[in-house]
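What follows is a short report on a single structure.
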Amino acid sequence: MTQQIDMTRVPEHIAIIMDGNGRWATERGKERSYGHQAGVDTVRRITTACVNMGVKYLTLYTFSTENWNRPATEVAALMGLVLTSLEDEIFMKNNVRFRVIGDIQRLPEEVQQKLQETMDHTAKNDSMTMIIALSYSSRWEITKAVQDIAADVKEGKLNVDAIDEKLLSEHMQTNFMPDPDLLIRTGGEYRISNYLLWQIAYSELYFCDTYWPDFNEKCLQEAILSYQHRQRRFGKTEKQVEEENV
């Protein structure tokens with residue numbers, strides 16, 4: 001399948017909703033935390049695969065603001081997994097820079113500290129940037145951006161007429177990276193779940209039934225092949241795009 005992929009047209013930025021960990025574990029008679037642990041192993045495999053294919057940004061939906069409503073035992077297990085997964089040397093082995101987006105202040109202090117240490121430790125890596133969305137939701141992000149802009153207007157630092165799409169994007173948590181080219185959701189659900197709503201305005205969407213712990217390099221390649229068979233028009237007609245590519 002690798003031979004079918006046009007390596008000159010690999011998505012620069014892939015975002016993934018890693019869904020299905022809990023159901024994968026339940027179907028095997030295990031606790032949901034067992035599925036989350038298996039999901040961490042998938043993160044390692046897919047990170048390496050993306051680096052090898054030349055992907056420059058990989059953003060993973062790890063824990064939403066709504067996930068705080070889950071049972072306390074599951075939340076604690078997820079926070080523990082964040083700590084142990086950040087011990088992995090996959091970042092240095094693959095020359096991957098680590099970043100995080102989300103309402104980080106809500107996280108346990110030891111998790112906040114570990115996140116910062118990992119970001120500092122990998123800051124000079126440049127093969128790919130891997131971003132985890134942790135305690136994140138798009139509505140929270142957009143609301144915060146609007147609040148920050150409103151504060152600047154109130155303080156006289158910004159004129160209302162200066163507010164445009166570019167300014168809003170600059171106030172988003174994702175202002176250091178391009179918008180996703182491809183959004184993948186595993187687990188058989190067909191919704192976005194409050195993830196990067198501003199940024200995926202023109203992203204290609206790919207849904208698959210495979211639970212995240214079973215998602216492998218072949219699954220990733222299938223998603224990229226699907227992406228490459230589409231024509232990205234960004235509001236233009238097919239003819240306009242074809243003429244531009246001549």
**Prompt:** Within the bounds of segment 71-87, is there any residue that is within 17 Å of the chain's Cα centre (by Cα) and either under 30 Å from HIS229 (Cβ atoms) or open to solvent by 60 Å² or more (accessible area, probe 1.4 Å) (or both)?
**Reply:** no
**Complete:** Considering segment 33-66, residues that are outside any helix (DSSP H, G or I), hydrophobic (A, V, I, L, M, F, W, C) and at pLDDT 95 or above, and then whichever is farthest from the chain's Cα centre (by Cα), we arrive at VAL55
**Complete:** GLU204 vs (1) open to solvent by 60 Å² or more (accessible area, probe 1.4 Å); (2) of a type in the set (D, E, K, R); (3) under 16 Å from TYR57 (Cβ atoms): all pass except (1)
**Message:** Being open to solvent by 40 Å² or more (accessible area, probe 1.4 Å), of a type in the set (S, T, N, Q) and touching a residue at least 12 places away in the same chain (Cβ under 8 Å) is the filter here; which residues of segment 51-70 pass it?
**Reply:** THR62
**Message:** Any residue at all in segment 88-104 that's modelled with pLDDT under 95, assigned to a helix (DSSP H, G or I) and within 24 Å of TRP68 (Cα to Cα)?
**Reply:** yes
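What's the total number of residues in segment 28-50 that are touching a Gly at 6+ places or on another chain (Cβ under 6 Å) and either aromatic (Phe, Trp, Tyr) or open to solvent by less than 60 Å² (accessible area, probe 1.4 Å) (or both)? Lay out the reasoning, then the answer.
First, pick out the residues of segment 28-50 that are touching a Gly at 6+ places or on another chain (Cβ under 6 Å): 32, 35.
The next check asks that each one be either aromatic (Phe, Trp, Tyr) or open to solvent by less than 60 Å² (accessible area, probe 1.4 Å) (or both); those that pass are 35.
Total meeting the criteria: 1.
Tell me the residue from ARG185, ARG139 that is within 17 Å of the chain's Cα centre (by Cα), buried (at least 17 other Cβ atoms within 10 Å of the Cβ), among the basic types (Lys, Arg) and closer than 30 Å to GLY22 by Cβ, please.
Being within 17 Å of the chain's Cα centre (by Cα), buried (at least 17 other Cβ atoms within 10 Å of the Cβ), among the basic types (Lys, Arg) and closer than 30 Å to GLY22 by Cβ holds for just one of ARG185, ARG139, which is ARG185.
The values are calculated or read from the model by the stated rules, or taken from the named source; none is laboratory data. These figures come from a predicted structure and were not determined experimentally. Positions of Cβ are backbone-derived with ideal geometry, glycine not excepted, and every protein chain shown enters the neighbour counts. For accessibility, only protein heavy atoms count, side chains too; no ligands or nucleic acids. Shrake-Rupley method; radii C 1.70, N 1.55, O 1.52, S 1.80 Å.
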